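I have placed the structure first, in the form of structure tokens, so that the comments after it can refer back to it.
The values are calculated or read from the model by the stated rules, or taken from the named source; none is laboratory data. Because the structure is predicted, anything quoted here is derived from the model rather than measured. Heads up, the Cβs are rebuilt from the backbone with ideal geometry, glycines too, and the neighbour counts pull from every protein chain shown. Side chains are part of the model used for accessible areas, which takes the heavy atoms of the whole protein and leaves out ligands, DNA and RNA. Shrake-Rupley method; radii C 1.70, N 1.55, O 1.52, S 1.80 Å.
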Amino acid sequence: MRLATIASGGKPVCVAVLENGKMLDIAEVAKDVPGPEGTALKAGTMQSVIDGGPGALEALRGLVADAEAH
């Protein structure tokens, strides 16, 4: 899984880069993720993903897998 921070509308946005090269806005796709993992992902920054720990990364892996399956 590759993560990146891009500028969107003049502010930084944390994205996951999919295998097809498309970018997945982490905060946007995490809107239904519950608990502290969801809170970390919805913050939408690389630091919040890191601070979310293994649970946030596992939730993110699931979101990326779902996006790549469609």
request  = Could you check how many residues of segment 1-28 are closer than 15 Å to ALA43 by Cα and open to solvent by less than 50 Å² (accessible area, probe 1.4 Å)?
outcome  = 8
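Would you tally the residues in segment 1-47 being among the acidic types (Asp, Glu) and either touching a Cys at 6+ places or on another chain (Cβ under 6 Å) or part of a helix (DSSP H, G or I) (or both)? Show your work before the answer.
In the first step, residues of segment 1-47 are kept if they are among the acidic types (Asp, Glu); the result is 19, 25, 28, 32, 37.
Now narrow it down to the ones that are either touching a Cys at 6+ places or on another chain (Cβ under 6 Å) or part of a helix (DSSP H, G or I) (or both): 28, 37.
Result for segment 1-47: 2.
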query = Of (1) under 18 Å from ALA69 (Cα atoms); (2) in contact (Cβ under 8 Å) with a residue 24 or more places away in the chain; (3) not polar (S, T, N, Q), VAL13 satisfies all except one. Which?
reply = (1)
request  = Scan segment 53-61 and give yes if some residue there is open to solvent by 90 Å² or more (accessible area, probe 1.4 Å) and touching a residue at least 60 places away in the same chain (Cβ under 8 Å), otherwise no.
outcome  = yes
